[in-house]
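Right, one structure below, let's go through it.
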Amino acid sequence: MQLLDGKQLSLTLQNEIGLEVKEAIALGRKRPHLAAVLVGNNPASETYVNSKIKACENIGFRSTLLQFTDQVSQQELVVAVQQLNDNEDIDGILVQLPLPSHIDEEKVTEAISPAKDVDGFHPVNIGRMVKGLASFLPATPYGIIMLLERYKIATEGKHCVVIGRSNIVGTPVSILLSRNTYPGNCTVTLTHSKTKHLKDICLQADIIIAAIGKPDFVKAEWIREGAVVIDVGINRVVDASKKSGYRLKGDVDFENVSPKCSFITPVPGGVGPLTIAALMKNTMTASKSRYS
Ligand code: NAD
């Protein structure tokens, strides 16, 4: 079994982007600039946004954080996004999800200019991705694609079972892995909460991508010997021995599943850091597109 070290790969990717920034500055170009919009006090969202801002600092991007209380109206958020669209210095915009229930996330996502949509959630980018056109890929699926690519994991003709059909992970990763390219050319089965016989389907998988949001959901008895397992889940479980009172667990029962795998991602330190690296890649691409 080989561990897919997302933390290390994310650092490598961020170093590569940092070099691109230096080259761009040497050519007299503008420093890439990411704007993050954070609403409310969701601790997980705050942690994610802080990690993204920190990555910007490490790479040499500018970053701007716009914070709103959870009383903010949808209209105020849309106006803030439109101002970021109009701001010439901003290359990429991310609105950290989830938003409070009184706000329609789609309305806010759609307010972002597709050219600055570095999280890849805008319907224009999703549509272009489905057609195989140049687009900003959704950050987590893009991170998974880079992980498979950098570890040279064979995907052609493989049966990939994706568990979970969210718009931000399961559905887009299923599309990317069925494309006629590398990584891709998989035969993909997209499973979800209404799927029957999930264990039997997983037992046929060469590659499993779990994005469900339930700790230890995927069991060792579901895994074929030698399978590749990508665990997207980030679940907080109570742990009194930790200062924070919790620890992070994936959607896969890592302890029992990992001995059966050829490759597996840990949680933490797997897909999470790659999501950040993918966001940085997209921001660099957005910045470069001004000069091409
Ligand atoms: P979600 O919470 O929007 O949806 C969960 C999905 O799981 C749904 O599509 C549902 O159909 C499916 N599901 C639920 N119960 C099921 C069952 N019994 N059998 C089969 N499928 C079932 O999903 P999400 O936003 O993609 O998040 C999933 C997990 O991934 C969460 O733990 C989240 O925190 C994590 N996540 C991690 C990253 C990262 O960067 N690593 C990014 C996004 C999400």
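Data for the structure
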quantity	calculated
Given (1) part of a loop (DSSP other than H, G, I, E, B); (2) within 15 Å of the ligand (Cβ to nearest atom); (3) under 24 Å from ASP5 (Cα atoms), number of the condition ARG165 does not satisfy	(3)
Subset of the range 130-150 [more than 16 Å from the ligand (Cβ to nearest atom), in contact (Cβ under 8 Å) with a residue 12 or more places away in the chain and in contact with a helix residue (DSSP H, G or I) (Cβ under 8 Å, 6 or more places away or on another chain)]	VAL130, SER135, ARG150
Single match in CYS160, CYS186 (criterion: more than 11 Å from the ligand (Cβ to nearest atom), farther than 29 Å from ARG236 by Cβ and open to solvent by less than 60 Å² (accessible area, probe 1.4 Å))	CYS186
One residue from ASP239, ASP231, ASP206 being over 22 Å from PRO98 (Cβ atoms) and either touching a residue at least 24 places away in the same chain (Cβ under 8 Å) or within 12 Å of the ligand (Cβ to nearest atom) (or both)	ASP206
Helices (runs of 4 or more DSSP H) fully within the range 2-99 counting 1 or more residues that are hydroxyl-bearing (Ser, Thr, Tyr)	6-26, 43-59
Members of the range 194-211 that are of a type outside the set (Val, Ile, Thr) and either within 22 Å of GLY157 (Cβ to Cβ) or out of contact with any helix residue (DSSP H, G or I) (no Cβ under 7 Å at 6 or more places or on another chain) (or both)	LYS194, LYS196, HIS197, LEU198, ASP200, CYS202, LEU203, GLN204, ALA205, ASP206, ALA210
The range 205-235, residues that are surrounded by fewer than 20 Cβ atoms within 10 Å (Cβ to Cβ), of a type outside the set (A, V, I, L, M) and not in a loop (DSSP other than H, G, I, E, B)	GLU221, ASN235
Single match in SER45, SER10 (criterion: touching a residue at least 40 places away in the same chain (Cβ under 8 Å), assigned by TED's automatic domain parsing to the domain that holds GLU88, within 14 Å of the ligand (Cβ to nearest atom) and open to solvent by less than 10 Å² (accessible area, probe 1.4 Å))	SER45
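Let's see how each residue does on (1) within 21 Å of LEU147 (Cβ to Cβ); (2) within 16 Å of the ligand (Cβ to nearest atom):
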{"site": "GLU225", "(1), (2)": "no, no"}
{"site": "ARG247", "(1), (2)": "no, yes"}
{"site": "LYS260", "(1), (2)": "yes, no"}
{"site": "GLY272", "(1), (2)": "yes, yes"}
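The values are calculated or read from the model by the stated rules, or taken from the named source; none is laboratory data. Quick caveat, the model's predicted, so the values are computed rather than measured. Note that each Cβ is placed from the backbone with ideal geometry, even for glycine, and that neighbours are counted across all protein chains shown. Protein only, heavy atoms only, side chains kept; ligands, DNA and RNA dropped before computing areas. Shrake-Rupley method; radii C 1.70, N 1.55, O 1.52, S 1.80 Å.
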